[in-house]
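Only one structure is covered here, and it is reproduced in the block below.
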Amino acid sequence: MRSVLAEPAQSLSDLALGVIVVALAVRLGRSPTVHRHWRTSFWWAGIAALAGFVHHGVVAYSERWAGPSWAFISAMVVVAVSYLLAATVAEVLGPRHRTTFWLLRSIGLTAYVVLAVTGHAGVSALLACESLTMVSILALWGWAAHRRHPMAGPVIVALVTSGAAAATKAIDPSLVRPVALDPTSVYHLAQIVGMVLLYAAVSASRRPDREPHAVAG
């Protein structure tokens, strides 16, 4: 029997990712010691995945709306990454480094503007430029690890796991076709592992009386 979903595997795997990430965002909201930017990043990532469920399940049927829908979801991912960077700056450098945040955030945005001016604008270009922001985030946590920040190791493991999940998009579709999956749906499922690890890193060993642990210069 034919599925009512346009892209069943991608849709249902995005649903699983969205439900789990939203549940983690709710749990983070119950901890007053977790910086609000972490919670906001999880909320945006979870909502983007739920929107992906709708996109792959329903909107993908429409040639007219599939493009705008995907652009909208990509914009939500950009917001989630922005809050991930903001949380990283707050944890590693302290809450009063807004200028640093905007300097780092401008790297990916500037790269996209350059691509747009040269006629290479698009969703794929936008997401590619966001990888520059992720490099900035990893660099900050790498520096924090050097300075023995207590969260650095677990956060780096989580971020590297998420990065490795993205690599699953390049696998041969024939390898996962026997289990009714495809590279994109495998990516969604692998991202669950990364988000759970990030949740564990953020929520572990938080003292109620402490501010975000800025690394001494």
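Annotations
- In region 121-150, the residues that are modelled with pLDDT under 90, assigned to a loop (DSSP other than H, G, I, E, B) and touching a helix residue (DSSP H, G or I) at 6+ places or on another chain (Cβ under 7 Å): Ala121
- Residue selection: Thr110 fails the criterion of being hydroxyl-bearing (Ser, Thr, Tyr), touching a helix residue (DSSP H, G or I) at 6+ places or on another chain (Cβ under 7 Å), assigned to a helix (DSSP H, G or I) and over 15 Å from Trp38 (Cβ atoms).
- Residues (closer than 25 Å to Ala180 by Cβ and either of a type in the set (Gly, Ala, Ser) or crowded, with 22+ Cβ neighbours inside 10 Å (or both)) located in region 8-42: Ala9, Gln10, Ser11, Ser13, Asp14, Ala16, Leu17, Gly18, Val21, Ala23
- Selection status of Tyr83, touching a residue at least 24 places away in the same chain (Cβ under 8 Å) and within 28 Å of Ser3 (Cβ to Cβ): no
- Subset of region 54-66 [surrounded by 15 or more Cβ atoms within 10 Å (Cβ to Cβ) and out of contact with any Ser or Thr (no Cβ under 7 Å at 6 or more places or on another chain)]: Val54, Val58, Ala60, Ala66
- Single residue of Ala111, Ala45, Ala51, Ala139 found to be closer than 20 Å to Val202 by Cα, hydrophobic (A, V, I, L, M, F, W, C) and surrounded by 16 or more Cβ atoms within 10 Å (Cβ to Cβ): Ala45
- Matching entry among Leu93, Leu115 (being touching a helix residue (DSSP H, G or I) at 6+ places or on another chain (Cβ under 8 Å) and more than 30 Å from Pro154 (Cβ to Cβ)): Leu115
- Filtered residues of region 130-158 (kept if within 30 Å of Val113 (Cα to Cα) and among the charged types (D, E, K, R)): Glu130
- In the condition set (1) at pLDDT 95 or above; (2) hydroxyl-bearing (Ser, Thr, Tyr); (3) exposed (fewer than 14 other Cβ atoms within 10 Å of the Cβ), Ser205 is compliant with all but (1).
- Residues (under 16 Å from the mean Cα position of the chain (by Cα), farther than 12 Å from Tyr199 by Cβ and among the aliphatic types (A, V, I, L, M)) located in region 12-59: Leu15, Ala16, Leu17, Val19, Ile47, Ala48, Ala49, Leu50, Ala51
- Restricting region 67-100 to residues that are closer than 17 Å to Cys129 by Cβ and among the small types (Gly, Ala, Ser), the residue that is surrounded by the most Cβ atoms within 10 Å (Cβ to Cβ): Ala80
- Of all residues in region 142-187, those that are more than 30 Å from His35 (Cα to Cα), exposed (fewer than 14 other Cβ atoms within 10 Å of the Cβ) and without any contact (Cβ under 8 Å) to a residue 12 or more places away in the chain total 7.
- Looking across region 21-70, the residues that are part of a helix (DSSP H, G or I), within 28 Å of Ala87 (Cβ to Cβ) and of a type in the set (Val, Ile, Thr) come down to Val21, Val22, Val26, Thr40, Ile47, Val54.
The values are calculated or read from the model by the stated rules, or taken from the named source; none is laboratory data. Given the structure is predicted, the values throughout are model-derived calculations rather than measurements. A quick note on method: Cβ atoms are made from the backbone with ideal geometry, for glycine too, and the neighbour counts reach across all protein chains shown.
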